[in-house]
Amino acid sequence: NDKKTAEETLYALKSAQNITCAVLYNRQGDVLAQYIRDVTVGDCRYHPVGPDGYHFGKDHLDILQRIDLDNENIGALYIRSDLKEIYRRIQWYVVTVFLIMMLSIAIAFMLMSRLQKIITKPLSDMADVMYTISGEKNYSVRVAIQSQDEVGLLGEGFNEMLSQVQK
């Protein structure tokens, strides 16, 4: 029931930029002390002492906590915090994730365009040889083997098949 000490204690909340107001109630539920950061910023209504807990609003968080001493209720503390820092952090996370996704997509696109050329160039060459053979009936044309992977094996098989057809 020391009003001066209670007000000094609540005034320590000034260092927490997100705390907009706080109210300390005595055991009867009457206001013992209050702290309001800026009266013009928002509404800090006195809330009747109810069960402990929290409540999220659109732009604030309300917390009510009973104060017990030696298993006896001596009052309650109500604190209202704005959510600006949380919204600012969420915005930063969203922007960061978006930039990482865009960078990942750009890297994937660059890798895909390079790998696609490695795969499609030999297949395109094989299709050109196929059209040349079917159009000119020249079975002596062969596909240039550029690698020893699956596409290279396909080219070797294609050339072997042409050799047998030519014979």
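When every residue of the stretch 141-151 is checked against the conditions, at least one turns out to be surrounded by 11 or more Cβ atoms within 10 Å (Cβ to Cβ) and in a helix (DSSP H, G or I).
If you go through the stretch 15-38 and keep only what is more than 38 Å from the chain's Cα centre (by Cα), in a strand (DSSP E or B) and in contact (Cβ under 8 Å) with a residue 40 or more places away in the chain, you end up with Tyr25, Asn26, Leu32.
Look at the stretch 152-167: where a residue is open to solvent by less than 90 Å² (accessible area, probe 1.4 Å) and a partner is outside any helix (DSSP H, G or I) and of a type in the set (D, E, K, R), sitting 6+ places away or on another chain with Cβ atoms under 7 Å, you get Asn159/Arg142; Leu162/Arg142. One residue stands out among those in the stretch 110-145 that are under 45 Å from the mean Cα position of the chain (by Cα) and hydroxyl-bearing (Ser, Thr, Tyr): the one that is nearest to Gln164 (Cα to Cα), which is Ser124. If you check Leu115 against the conditions, is it under 30 Å from Asn1 (Cβ atoms) and out of contact with any helix residue (DSSP H, G or I) (no Cβ under 6 Å at 6 or more places or on another chain)? Here the answer is no, as Leu115 does not meet what is asked.
Residue count for the stretch 109-138 satisfying the condition of being open to solvent by 80 Å² or more (accessible area, probe 1.4 Å) and either on the phi > 0 side of the Ramachandran plot or not in a helix (DSSP H, G or I) (or both): 1. Selection of first residues in the stretch 70-88 that are on the phi < 0 side of the Ramachandran plot and in a loop (DSSP other than H, G, I, E, B) and of second residues that are of a type in the set (A, V, I, L, M) and modelled with pLDDT of 90 or more, restricted to Cβ pairs under 7 Å at least 6 apart or on distinct chains, gives an empty result.
Restricting attention to the stretch 65-83 and to residues that are aliphatic (A, V, I, L, M) and over 17 Å from Tyr11 (Cβ atoms), the residue that is most open to solvent (accessible area, probe 1.4 Å) turns out to be Leu69.
The values are calculated or read from the model by the stated rules, or taken from the named source; none is laboratory data. The shown structure was predicted, so the numbers you read here are calculated from the model rather than taken from an experiment. A quick note on method: Cβ atoms are made from the backbone with ideal geometry, for glycine too, and the neighbour counts reach across all protein chains shown. Please note that ligands, DNA and RNA were not included when accessible areas were found on the heavy atoms of the full protein model with its side chains. Shrake-Rupley method; radii C 1.70, N 1.55, O 1.52, S 1.80 Å.
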